[in-house]
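The block underneath contains the structure these notes are about, expressed in structure tokens.
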Amino acid sequence: MDKVLTDSERPPDPTPPGLAPYAADPARARRQHDEQVIGIRAQKSLHRSEFQRDRDRIIHSAAFRRLEYKTQVFINHEGDHFRTRLTHSLEVAQIARSVARHLRLNEDLTEAIALAHDLGHTPFGHAGQDALNQCMSGHGGFEHNLQSLRVVDQLEQRYAAFDGLNLCFETREGILKHCSRNQARLLGEVGQRFLDGGQPGLEAQLANLADEIAYNNHDIEDGLRAGLLQPEALMELALVAEAVRGIQAQYGELPRRRWVGELQRRLIDAMVSDLIDTSAAALQRSAPASMAAVRRSPAIFAFSPAMHAQVVEMKQFLRRHLYRHPAVSSKMAEAHRVLTDLFRHFHAHPGDLPEEHRVRFEEQGERALADYLAGMTDRFALKEARRLGIAIDLLA
Ligand code: MG
């Protein structure tokens, strides 16, 4: 571990130009393994900050590339225009970076957290996560958020000297958005805040809300595009109704594609503006003097109560009309079954696993199987199902 300096040991450290005092300071970033001590590099940084390094490690990871072929809501092969986990992660990063720069937070750290936040997602979105969690009941369960941390801490193999990517603590605490107390006890320092009720840094708080803004809005766009959501039904959402009135007043009737685009940008703008105004006011009130003070304060990043209520309403609407739409849920039910069958098959026939994963399964048990399945893309999972004679109907 890098030595943690107490405040009195720390040399006077002027705030890096442009960053607010409560922003994460890359000069104080700590990694799990001190790379100077283990001889990976001679000095801390030549031309990139520690958080830029983290972002770059994430972008160059195998898990990041696989996001391209993982489901967000629509199964990966259903159409080239729908979001995948990769484009979702890029949209989260875009929103989070814009807000970070405006509020003088560390944009590089925000970007790193946003790009990494879904690295642990299974194939087939939440259906895959639920299936794997059921398969793993009795073996510690499966949770995609914990898995994202596991990917960057242990599963990536890019360094001779250690497993994982050896990311900074600040990035890792941002990736671990939620965690049970039982799990937190197993995670050491990064789990500590779930035991004593602390908050992560502002960059992490921001990335989490940028995720909500991104997925709620793009699911509306994808749902409209797929013809599963109807504009008339969406009008029950006050936020949508207001945006639609604005579009109507400014442009009158628009062709569907442009109308959807206008709606999307107005919704995102309304949510981002509310987030900035509410959070900037909270920052002014609490005026945290440092990232350490942020961690001790109640959560600072938030929507206003009115916007929060609208976001909750939007999520409930999407659950009812999109995630539980028969066209989506029938495929998700099959995806759930396919992933469960894959787990059971490999469990009963480890010889059908690739050598590396068979050995890990023998040494580490079911967790190794969960790691292998969670790492799969939609299309690879389907290819494996075909190879092993597992029935695919709706997803074929
Ligand atoms: Mg996400």
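We did not get these values from a lab; they are worked out from the coordinates using the rules stated. A quick note: this is a predicted structure, and the numbers were derived from the prediction, not measured. Cβ atoms come from the backbone with ideal geometry, glycine included; neighbour counts cover every protein chain shown.
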#### Entry: Among 381, 96, 333, residue whose mean-square fluctuation peaks in a GNM of the chain (springs only between Cα atoms under 10 Å)
333
## Note on the structure
Exposure-ranked with fewest Cβ neighbours within 10 Å first, 168, 135 stand as 135, 168
### Query
Can you give the relative contact order of the chain as a percent, counting alpha carbon pairs under 8 Å and 6+ residues apart?
20 percent
### Query
Can you pull the three principal axis extents for the Cα set of the stretch 148-300, in Å, largest first?
59, 42, 27
### Query
What span do the alpha-carbon atoms of the stretch 185-261 cover on each of the three principal axes, reported in whole Å from largest to smallest?
56, 24, 20
### Query
Under a straight-distance cross-link criterion of Cα-Cα below 16 Å, which aspartates and glutamates are reachable from residue 177, leaving out those fewer than 8 residues away in the same chain?
111, 118, 143, 153, 189, 196, 203, 211, 212
### Query
Rounded to the nearest 20 Debye, what is the dipole magnitude of the chain about its Cα centre when Lys and Arg each give +1 and Asp and Glu each give -1 at the C-beta?
120 debye
### Task
Tell me what the chain gives for mean residue ellipticity at 222 nm when only DSSP H runs of n ≥ 4 count, each as -39,500 (n - 2.57), the sum divided by the residue total, rounded to 500 deg cm²/dmol.
-17500 deg cm²/dmol
## Note on the structure
Once amide hydrogens are built 1.01 Å from N within the peptide plane, the residues lying 5 or more places from residue 302 or on another chain with amide H under 5 Å from its amide H are 279
## Note on the structure
Classified through the alpha carbon gyration tensor (a ≥ b ≥ c as square roots of its eigenvalues; rounded if a/c is under 1.5, else prolate when a/b is larger than b/c, else oblate), the chain comes out oblate
### Summary
Fewest to most Cβ atoms within 10 Å: 38, 300 sort as 38, 300
### Query
Residues with amide H under 5 Å of residue 120's amide H, sequence separation 5 or more or different chain, H placed in the peptide plane at 1.01 Å from N; which?
148
#### Entry: Order of 328, 152, 359 under a 10 Å beta carbon neighbour criterion, fewest first
359, 328, 152
### Summary
Expected vector for the stretch 347-364, Karplus 3J(HN,Hα) from phi with 6.51, -1.76, 1.60 and θ = phi - 60°, integer Hz, x for Gly and Pro, equals 5, 7, 10, x, x, 7, 7, x, 3, 4, 7, 5, 4, 4, 4, 5, 7, 10
### Query
Which whole-Hz ³J(HN,Hα) couplings does the stretch 208-223 yield from phi under the Karplus relation 6.51 cos²θ - 1.76 cosθ + 1.60, θ = phi - 60°, glycine and proline marked x?
4, 6, 4, 4, 4, 4, 4, 6, 4, 6, 6, 5, 5, 5, 5, x
### Query
With the dipole of the stretch 258-369 worked out from charges on the C-beta (+1 for Lys and Arg, -1 for Asp and Glu) around the Cα centre, which of 325, 278, 353 lies farthest toward the positive end?
278
### Query
Once a ≥ b ≥ c are taken as the square roots of the eigenvalues of the Cα gyration tensor of the stretch 258-396, is the result rounded (a/c under 1.5), prolate (a/b larger than b/c) or oblate (a/b not larger than b/c)?
oblate
### Task
Please build a GNM for the chain, connecting alpha carbons under 10 Å apart, and tell me which residue among 315, 177, 383 fluctuates the most.
383
### Task
Among 159, 69, 372, determine the one that fluctuates most according to a GNM of the chain built with springs between C-alpha atoms less than 10 Å apart.
159
### Task
Mind putting a number on the dipole of the stretch 106-211 about its Cα centre? Charges go on the C-beta only, +1 for Lys and Arg and -1 for Asp and Glu, and I need it in Debye to the nearest 20.
420 debye
### Task
Using θ = phi - 60° and the Karplus relation 6.51 cos²θ - 1.76 cosθ + 1.60, list the HN-Hα couplings for the stretch 310-321 in order, rounded to whole Hz, with x at every Gly or Pro.
5, 5, 4, 4, 5, 5, 5, 4, 5, 4, 5, 9
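Shape verdict for the stretch 211-327, please, from the Cα gyration tensor: rounded (a/c under 1.5), prolate (a/b greater than b/c) or oblate.
Since a/c reaches 1.5 and a/b is larger than b/c, the shape of the stretch 211-327 is classed as prolate.
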